[in-house]
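The structure that follows is given in the form of structure tokens.
Just so you know, all these numbers are worked out from the coordinates, no wet-lab data involved. Keep in mind that what you see is a predicted model, and the values were worked out from it rather than measured. Cβ coordinates were reconstructed from backbone atoms using ideal geometry, including for glycine residues, and neighbour counts include every protein chain displayed.
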Amino acid sequence: MAAGLQCWNSAGTMTLDLTSRISKFFGVAQVGNTYTGTTTSGTITDSRFTAYSGHTHFAFILGGSIDIDGYGVELTISGTTLTWNFPRSISGTPSTRPDTTFIYGIA
């Protein structure tokens with residue numbers, strides 16, 4: 001028998017082994033009028049985005065709203081930097097920076 005990690009459910013089906021890709025969550029952030037005020041963009045730098053060879057980075061929204069035109073925050077990752085941006089934000093209009101919570105990491 002080969003050595004390594006293997007997990008089985010109660011029905012006897014393998015659910016995890018060393019060839020499985022497991023997501024690694026790095027953090028959670030909250031942006032928008034309540035959290036970041038009039039700021040319309042920002043960055044989060046995390047060296048772990050590039051520290052693990054062969055993995056894909058991700059960021060996705062857990063909860064939040066959209067503005068009256070149906071737009072919300074845009075999330076992009078390049079190298080070690082995650083950028084969040086409200087591209088349709090209008091100065092002095094809080095509804096164009098809807099409160100949003102997102103998580104980020106690698107898979």
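Could you give me the ³J(HN,Hα) list for region 60-74, computed from phi with Karplus coefficients 6.51, -1.76, 1.60 and θ = phi - 60°, whole Hz, x at Gly and Pro?
These are the phi-based 3J(HN,Hα) values: 9, 7, 8, x, x, 10, 10, 7, 5, 8, x, 10, x, 6, 10 Hz.
Right, next: Based on the mean of other Cβ atoms within 10 Å per residue, sort peptides 69-75, 22-28, 82-88 so the most packed one is first.
The peptides rank, most packed first, as 82-88, 69-75, 22-28.
Still on this structure, I have one more. With the dipole of region 21-106 worked out from charges on the C-beta (+1 for Lys and Arg, -1 for Asp and Glu) around the Cα centre, which of T83, V73, T100 lies farthest toward the positive end?
Checked the options; the winner is T83.
Using unit Cβ charges (K, R positive; D, E negative) and no other charged atoms, how large, in debye to the nearest 20, is the dipole of the chain about its Cα centre?
Its charge dipole is roughly 200 debye.
Can you list the HN-Hα couplings for region 90-107, worked out from phi with the Karplus curve (6.51, -1.76, 1.60; θ = phi - 60°), rounded to whole Hz and with x for Gly and Pro?
Along region 90-107, the couplings run 10, 3, x, 10, x, 5, 8, 10, x, 4, 9, 10, 9, 10, 8, x, 10, 10 Hz.
Here's a follow-up. Using only the Cα atoms, work out Rg/Rh for region 21-106, with Rh taken as the Kirkwood radius, to two decimals.
Result: Rg/Rh = 1.01.
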